[in-house]
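> Just dropping this structure here.
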Amino acid sequence: MQKERKNIKILIILSIMILLIGILLLEIIYFHKNIQKNDQYQLKNQTYYEVILKPNIYFPNHKIEANHYYIANSIKSIDIYFDYYLKNKKEENIHYSYDLTATLKSYADNGTKLIWTKDFHLKSRNNITQEEMNIKENYNLDYPYFVNYVKTFQDYYNVKTETYLYIKLNIKMGGQANPSLLLTIPINENIIEIAMKEDNAFLKNDTQNNNLNKIIVFDFIVIVIVLGVSKILFKKNDEETILKEYHDMIIVVQNKPDINSNHTIYLTNLKDLMNIAVNHNINVFHCQNNYYTIISNTYYVYILKRTV
């Protein structure tokens, strides 16, 4: 019977090891597939802008191209062209939506503390399903409108703030807001520089990091289960080791003691019972699955649960 129980334990341990190896192989295959995710898409982004000037005698052209410095009072508007193209090389349809927003944010203490923000919805398109994502939008931004909006706020509260206008193209794919294009336009400065930033992290690390977090949680759960099963499997072995170590202290008796529940302390660990006996220099009695000792008419009992 003991050999049979040992064989069952070995079989269970081997099954757990095979399960863990299988999970590891699946994770390796999954990550290998997602590492190549960036190569599954053909991406083209040609977003740019032009600054339209008010009529004046100093600038011969009424337009100034991107990546220059601009006199804020000379700006009539800013033409922004969003040309965003994405194609899945696997020829799968792309489900997406997008919206164009503007956000004013005013800061105090040299831009370290946000004290006011205001959102504006400019335009949007929803529930598009195509073989490729092809966003071509042109928006004429009324820059003086936002300058006056901020001035009204500052005059109302009699405060000076450091304010920026953020123009953002928010793109949603598969129900998740992933890629975006962002223009940052200063409001209170006399000479401004417009910064443009694109974020395509959804093709690279963000999705992988989210999936990695899920896998880590899953692995943690598997490890906890394995440790729990192992503890149950080897608990008996631990008890047998203790019994062998203290065999000279154990006296086998034929009849169970008449245990009064009011004077009985049940222990959950055999080692604790043995330590009590050692500290008081007394023996431990054994009858069937019961191990106990007696101190001042109090029974200290541990019941060994036998497993098949």
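Read the figures in this text as sums done on the coordinates, not as results from a lab. Just so we're clear, the structure is a prediction, and the values are computed from it rather than from any experiment. Cβ placement follows ideal geometry from the backbone for every residue including glycine, while neighbour counts extend to all protein chains displayed.
> Expressed in nm to one decimal, what extension gain is obtained for the pair His286 and Lys63 from 0.36 nm per residue of sequence separation less their Cα-Cα distance?
70.4 nm
> Which trypsin sites (Lys or Arg not before Pro) from segment 111-178 combine a DSSP loop assignment with at most 11 other Cβ atoms within 10 Å?
Here the trypsin sites (Lys or Arg not before Pro) that fit, given the DSSP loop and packing criteria, are Lys160.
> Using only the Cα atoms, work out Rg/Rh for segment 46-203, with Rh taken as the Kirkwood radius, to two decimals.
1.02
> Tell me, in nm to one decimal, what length is gained between Ile303 and Asn269 on full extension, where the rule is 0.36 nm per residue of separation less the Cα-Cα distance?
Difference between extended and current length: 11.3 nm.
> Please order Leu181, Leu26 by the number of other Cβ within 10 Å, starting at the fewest.
With the sparsest Cβ surroundings first, the list reads Leu26, Leu181.
> Using 27 Å as the Cα-Cα cut-off, could you pick out the over-long pairs in Lys54/Lys105; Lys123/Lys151; Lys63/Lys113; Lys44/Lys113; Lys44/Lys151; Lys63/Lys151?
Correct reply: Lys63/Lys113; Lys44/Lys113; Lys44/Lys151.
> What shape does segment 246-303 have by the C-alpha gyration tensor, where a ≥ b ≥ c are the square roots of the eigenvalues, rounded means a/c under 1.5, and otherwise prolate means a/b greater than b/c and oblate the rest?
rounded
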